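Notes for the one structure printed next.
The values are calculated or read from the model by the stated rules, or taken from the named source; none is laboratory data. All figures in this text were calculated on a predicted structure; none of them were measured in a lab. Please note: Cβ atoms are built from the backbone with ideal geometry, for glycine as well, and neighbour counts cover all protein chains shown. Calculation scope for accessible area: heavy atoms of the full protein, side chains included, ligands and nucleic acids excluded. Shrake-Rupley method; radii C 1.70, N 1.55, O 1.52, S 1.80 Å.
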Amino acid sequence: MLTVQILGNEKVAVRELPDPEPEGSLVVVKIMASAICGSELGAYRRPNSMEHNSGHEASGIVWKTDNPKYLKEGDRVVLFAQSHCGRCEHCRAGYWILCQNPSPRRYPGNHSQYVLLDEELCLPLPDDISFEVGALLGDGIGTPYHAIRRLGINALDTVLICGQGPIGLSATLICRFLNAQVIAVDINDYRLELAKSIGADYAFNPQREDVLEAVKEITDGLGVDKAIDCTGKAEGELLALNAVKRRGKMAFIGENSIGVTINPSAQLIRKDLDVIGSWYFNASEYEDMIKIVRRGVPIERLITHQFPITEAQKAFETFASGKAAKVLIKPWG
């Protein structure tokens, strides 16, 4: 089979490996579509290589099984990214994403023609939803949906979404489906245009415009009801905190390993603010995402580019350029 290897220094290679074989509850899935995630760019840009790839957004067909409990060959599936033990406190409560003892049982990464993984990580993909959309039903849609659900966003809200990369664009799409008023922010004009095309009511580039002043004008000086930071950058995080009104709510989605200095009194305490951190999604929310697709959310509009696996280098270059939203690798052309 063909698989992508991340070499580092903005290079990838396509290698041949033996096809994996099923064993016990481990099944072989034939990957039909695999999406590149922004979290993979760190490995793509750093100087050292990976043994395989860190692809984790994909859909496909159960190809081979050994002794499965739930699946059969031919089932269409979406691959859940986070492994889980099923026994710890959080797993028992249904929060797989918070598992205390995750065991990585996926080989060799979703940017491959075949992947070996535990059948419990295979969520059913209905026949009426394409593999391309299915690949986005994991991290691409699940991450913003999880945060949006926790924030309780509804049609009465004005929502600020900092960052219009794939996750931010997905958040914009879902918030507009919920009839919330959306203010999209990014320094990338290409992505701001995408945000407007999928329904953002306002779009601002903070390098040219005073976003806080614009927010005050839009909200009669109050501030937004809810805010989501998808940038993982100090500037986006602070903008979101400062733009939320008193007794508003804000979610951190974009990961920032550096940290940001805040004024707890002015930005949190005296605003009586609810602030959450939100990561990936719970499997229990998957059926909701199927419903919103069936009710007309045009998830496919987030897919701007598709490449065969033999053009994986071009796929990563396109995604890294910022002139794309979701980029798919199609292992079978």
Where VAL215 falls short, out of the listed (1) open to solvent by 10 Å² or more (accessible area, probe 1.4 Å); (2) in contact with a strand residue (DSSP E or B) (Cβ under 7 Å, 6 or more places away or on another chain); (3) of a type in the set (A, V, I, L, M): (1)
Residues in segment 215-234 that are in contact (Cβ under 8 Å) with a residue 60 or more places away in the chain, under 22 Å from the mean Cα position of the chain (by Cα) and within 15 Å of GLN267 (Cβ to Cβ): how many? 2
Residues GLY163, GLY140: which one is within 17 Å of the chain's Cα centre (by Cα), open to solvent by less than 40 Å² (accessible area, probe 1.4 Å) and closer than 20 Å to HIS56 by Cα? GLY140
Note: among ARG46, ARG92, just one is under 28 Å from ALA325 (Cα atoms) and either more than 19 Å from the chain's Cα centre (by Cα) or not small (Gly, Ala, Ser) (or both), namely ARG46
Residue hits (segment 275-322; in a helix (DSSP H, G or I), of a type in the set (D, E, K, R) and either over 22 Å from LEU151 (Cα atoms) or open to solvent by 30 Å² or more (accessible area, probe 1.4 Å) (or both)) are GLU287, ASP288, LYS291, ARG294, GLU300, ARG301, GLU311, LYS314, GLU317
Spot the failing condition for GLY277; the list is (1) in contact with a Phe, Trp or Tyr (Cβ under 7 Å, 6 or more places away or on another chain); (2) touching a residue at least 40 places away in the same chain (Cβ under 8 Å); (3) more than 22 Å from ARG191 (Cβ to Cβ), and only one is missed. (2)
Mind checking which residues of segment 237-274 are among the small types (Gly, Ala, Ser) and either at pLDDT below 95 or open to solvent by 60 Å² or more (accessible area, probe 1.4 Å) (or both)? GLY254, SER257, GLY259, SER265, ALA266
Residues of segment 1-47 satisfying the condition of being small (Gly, Ala, Ser) and within 28 Å of VAL133 (Cβ to Cβ): SER25, ALA33, SER34, ALA35, GLY38, SER39, GLY42, ALA43
Please give the number of the condition ILE183 fails out of (1) surrounded by fewer than 18 Cβ atoms within 10 Å (Cβ to Cβ); (2) assigned to a strand (DSSP E or B). (1)
Odd one out for LEU71, checked against (1) in contact with a helix residue (DSSP H, G or I) (Cβ under 7 Å, 6 or more places away or on another chain); (2) of a type in the set (A, V, I, L, M, F, W, C); (3) within 15 Å of GLY55 (Cβ to Cβ): (3)
Note on SER130: of the conditions (1) in contact with a strand residue (DSSP E or B) (Cβ under 6 Å, 6 or more places away or on another chain); (2) closer than 19 Å to ALA33 by Cα; (3) open to solvent by 10 Å² or more (accessible area, probe 1.4 Å), unmet is (1)
